[in-house]
Amino acid sequence: MMILGLVRWMQPVHGYDVRRELLSWSADKWANVQPGSIYHALRKLTDEGLLRTVSVEQVGARPARTTYEVTAKGDEEFETLLRAQWWQLNEPPDPFVAAFSFLPAMPRDEAAAALRNRANLIRAGVESMRASLDSDWVRNRKPVHVGWMFELWLARAEAEMGWCERIAERIESGVSYLPAGLEQAEGWSGWKDGAPDAE
């Protein structure tokens, strides 16, 4: 969607300019658009009839530069993809959540320390985002909605930071990981108080 949308917005446009624009947005960090895959994606979108080649220019020994524009089919696909993302909730996979599902396998002191460390790492990111949000770069050189995106990222990060600190405190308090009575239930005997029983 990102590449199709950018071509639509900037057309007619060279692949190099699409790549440069996406990198200036740091889209590799928040939209999973990898710089090395952009030219391949442009060719694939062209093969699928979503983009069309306007021209191919060769200047001296430089690599040929292809100029693209969106087809009518590409316009329809972009509109479909755009609205799907606006109206649906998609939770990205988070490796931390997978690891957290095995909380009882971690010693309590290490789990609490890891959560506090995660909160500190998030806090550093929050401070960086706040600085960006207050900067001339965001306030005066970017569209207003870029600042709104930073506000969304800040809200999510602050919520997770607070959660990490609260859960670290609960772990240190010794709260049981299992509801009363479940400790003796079949399948749970190895998960007690921070680490599986060694046998």
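The values are calculated or read from the model by the stated rules, or taken from the named source; none is laboratory data. Keep in mind it's a predicted model, so treat the numbers as computed, not measured. Here the Cβ is made from the backbone with ideal geometry for all residues, glycine too, and neighbour counts use every protein chain on show. The accessibility values were calculated without ligands, DNA or RNA, using every heavy atom of the protein model including side chains. Shrake-Rupley method; radii C 1.70, N 1.55, O 1.52, S 1.80 Å.
A few comments on the model shown:
- The test for being closer than 16 Å to residue 5 by Cα, basic (Lys, Arg) and out of contact with any Ser or Thr (no Cβ under 6 Å at 6 or more places or on another chain) does not hold for residue 52.
- Boolean, residue 69 is surrounded by 14 or more Cβ atoms within 10 Å (Cβ to Cβ) and under 17 Å from residue 5 (Cα atoms): yes
- Criterion (without any contact (Cβ under 8 Å) to a residue 60 or more places away in the chain and not in a helix (DSSP H, G or I)) met by exactly one of 138, 175, 146: 175
- Every residue from the range 133-165 that is charged (D, E, K, R) and surrounded by fewer than 11 Cβ atoms within 10 Å (Cβ to Cβ): 136, 141
- Residues being open to solvent by 60 Å² or more (accessible area, probe 1.4 Å) and either touching a Pro at 6+ places or on another chain (Cβ under 8 Å) or without any contact (Cβ under 8 Å) to a residue 24 or more places away in the chain (or both) - total across the range 88-106: 13
- The range 21-42 - residue that is touching a helix residue (DSSP H, G or I) at 6+ places or on another chain (Cβ under 7 Å) and of a type in the set (A, V, I, L, M, F, W, C) and, of those, farthest from residue 54 (Cα to Cα): 31
- Taking each residue of the range 3-31 that is assigned by the TED database to the domain that holds residue 57 and touching a residue at least 24 places away in the same chain (Cβ under 8 Å) and looking for partners that are of a type in the set (Phe, Trp, Tyr) and open to solvent by 30 Å² or more (accessible area, probe 1.4 Å) with beta-carbon atoms closer than 6 Å, six or more apart or interchain, yields 15/39.
- Hits in the range 1-55 - residues which are of a type in the set (Lys, Arg) and loosely packed, with under 14 Cβ neighbours inside 10 Å: 20, 29, 44
- Which listed residue is open to solvent by 40 Å² or more (accessible area, probe 1.4 Å), out of contact with any helix residue (DSSP H, G or I) (no Cβ under 6 Å at 6 or more places or on another chain), at pLDDT 80 or above and not aliphatic (A, V, I, L, M), from 58, 85: 85
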